[in-house]
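A.B. asks: The structure is given below, and queries will be raised subsequently.
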Amino acid sequence: MPDFHIEHFGCRAARADGEAIAASLRALRESQPFAEEVVVVNTCSVTAEADRAARAYIRRTHRRNPSAKIVVTGCYAQRAPRELAAMSGVAAVVGNSHKALAPQIVRALAQPDVPSSCPPPALLPVASLLASAARQPASGVVPAPIWTDDRFAHSFLEDQPWTHLPLAPGEQTRPNLKIQEGCGNRCTFCVIPLTRGPSQSLSFDAVMRGIHSFVAAGGQELVLSGINLGRWGADFDPSARQSLAGLVRGILERTALPRLRLSSIEPMDWSAELISLLRAFGGLRLARHAHLPLQSGSDAVLRRMHRRYRPWHYAEKVHQLLRALGPDLTLGADVMVGFPGETDEEFQQTLAFVREIPFGYLHLFPFSPRPGTPGWELHQAAPVKPAVVGERISALRALAAEKSAAHRRQFLGRTLQAITLHTPPALGQDGFTASLTENFLPVALRGRFAANQLLPVRITGLDDGHQLSAVPCA
Ligand code: SF4
């Protein structure tokens, strides 16, 4: 029986989009079996490597199953639709601007006999297109139809009445609820404003509906996510403007959600009200986990990145969070290495800054020049040698490991709340269950437990790989 498969690439928000498309396709398939095999490739384009990985997956899929209809969506489809439309096996390219229509477009391909309501293909001028060299279609390939434009009128999947939000603990024990799309900032290295458009927020009522349905389905932990989550509510009419803190308070006061986790929030969007909610509910129903993208600890580099803070603003935010939650808070950050023109001295400033902050983990990224961004031009003028980038990443990785171990070590002998997750076979065979504490520490829990249970656990060990182990508390 022909069916569909969806392959996810990229960030939490992209995964949330992909899960919403998959849930809608499952519902469509229930109403009418698919007549054609469809593979949806939900792409990322944050780095050149992400583009390469998506193209490789498309080629592999077409080689393995030449009759499968490949639908490409996501940020790469928005940034360079013609490149993808020219590839063998690609049947449709749906940019983020039209992502909400993806289920209907897939349906039209999978159920060709069912009258389709999806609009005709539309490739209207897209600024980022100008920057990317269109690849020539493989010989004999008729470019696929493209749904992409700069208006992003159909980009917010979660906000569409026909979209089934997959909010039940299933494949993902801790699913994302993506409540914000797009970004109005203009960090010079970032392609996302081009590929996801202006900031848009899911309505308060739609968020509450999603959470109530998750709780009703037995959900324990939900992750609020977005492209620039801290901007939720800022795009509402001035008379109806709301804040992320207001939404979080609404969720904690008006729903029975056992545990809420906030994903990445820009440093200056950690408002005093949001921090006070962490102080009041942290460790109970609000996870003591804060992810603040740093990118660099050098003021000069932050200025060239057009980031909206200076190193000392970032440090002050961290101190406000630590005053509210103490050392049990797990603090995480993204750090970029090799931004154009980054000198040894500037990199040493980043190392010194990171050394001063009690991070529990770091996500490290080498700078990747993206077409259509100012960073692309800066890179042409002052690239950092790949070997130097490699050395700097290694130095930061060593520091990050040191800090992670120090952070985890302080919990030995302590009791923390944890949620049980789907356990990898190898860990299960050893008699453990994969778990995550409320303050974002992965723990190997002795015993076999079904996923999606909230349990008190006592931390008993930290191995050489910095893996924590625990036993369930009676
Ligand atoms: S805040 Fe900056 S890095 Fe983040 S999505 Fe917006 S432009 Fe990109």
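The values are calculated or read from the model by the stated rules, or taken from the named source; none is laboratory data. Note that the structure is a prediction, hence the values are computed from the model and not measured. Backbone-built Cβ (ideal geometry, glycine too); neighbour counts: all protein chains shown. To get the accessible areas, we keep the full protein, side chains included, count just its heavy atoms, and leave off ligands, DNA and RNA. Shrake-Rupley method; radii C 1.70, N 1.55, O 1.52, S 1.80 Å.
A.B. asks: What does the accessible area of residue 422 come to, in Å² to the nearest 10, when a probe of 1.4 Å is used?
C.D. replies: Here the residue's solvent-accessible area equals roughly 110 Å².
A.B. asks: Name the residues whose placed amide hydrogens come within less than 5 Å of the amide hydrogen of residue 443, ignoring near sequence neighbours (fewer than 5 apart) on the same chain.
C.D. replies: The list, which skips near neighbours in sequence, is 435, 436, 437.
A.B. asks: Here's something else I'd like to know. Cross-link partners among aspartates and glutamates for residue 385, C-alpha distance below 13 Å, same-chain residues fewer than 8 apart left out?
C.D. replies: Partners found: 342, 344.
A.B. asks: Further question on the same structure: How large is ³J(HN,Hα) for each residue in the range 95-107, as worked out from phi by the Karplus curve 6.51 cos²θ - 1.76 cosθ + 1.60 (θ = phi - 60°), to whole Hz, x for Gly and Pro?
C.D. replies: Per residue, the Karplus-derived 3J(HN,Hα) values read x, 4, 4, 10, 4, 5, 8, 3, x, 5, 5, 5, 4 Hz.
A.B. asks: Quick one: ranking 192, 275 by accessible area, 1.4 Å probe, largest first, what do you get?
C.D. replies: Highest to lowest solvent-accessible surface, that is 192, 275.
A.B. asks: I'd like the accessible area for residue 149: 1.4 Å probe, protein heavy atoms, all chains in place, Å² to the nearest 10.
C.D. replies: Only protein atoms counted, so the area is about 10 Å².
A.B. asks: Follow-up. Starting from the Cα of residue 315, step 7 Å along the direction of its Cβ; do the same at residue 276; then give the gap between the two resulting points in nm.
C.D. replies: My value for the distance between the label points is 2.7 nm.
A.B. asks: Taking amide H positions as placed in the peptide plane 1.01 Å from N, state which residues far from residue 45 in sequence (5 or more) or on other chains have amide H under 5 Å from it.
C.D. replies: Here the answer is 75, 76, since their amide H atoms fall under 5 Å of that of residue 45.
A.B. asks: Still on this structure: For residue 64 and residue 299, calculate 0.36 nm times their separation in residues minus their Cα-Cα distance, and state this gained length in nm to one decimal.
C.D. replies: 79.6 nm is the gain from fully extending residue 64 to residue 299.
A.B. asks: Considering only protein heavy atoms, what is the solvent-accessible area of residue 249 at a probe of 1.4 Å, reported in Å² to the nearest 10?
C.D. replies: 80
A.B. asks: Under a cut-off of 24 Å between alpha-carbon atoms, report the lysines in cross-link reach of residue 178, not counting same-chain residues fewer than 8 places apart.
C.D. replies: Excluding near neighbours in sequence, the set is 99.
A.B. asks: With runs of 4+ DSSP H residues as the only contributors, calculate the mean residue ellipticity of the chain at 222 nm using -39,500 (n - 2.57) per run, divided by the residue total and rounded to the nearest 500.
C.D. replies: Helix contribution divided over all residues of the chain: -11000 deg cm²/dmol.
A.B. asks: Take 17, 235 and sort them by solvent-accessible surface of the protein heavy atoms, 1.4 Å probe, largest at the top. Don't skip to the answer; put the middle values down first.
C.D. replies: Details: 17 0, 235 65 Å².
Highest to lowest solvent-accessible surface, that is 235, 17.
A.B. asks: Moving to a separate point now. So what are the chain's ellipsoid semi-axes, whole angstrom, largest first, if each one is the square root of 5 times an eigenvalue of the alpha-carbon gyration tensor?
C.D. replies: Semi-axes from the Cα gyration tensor: 35, 29, 22 Å.
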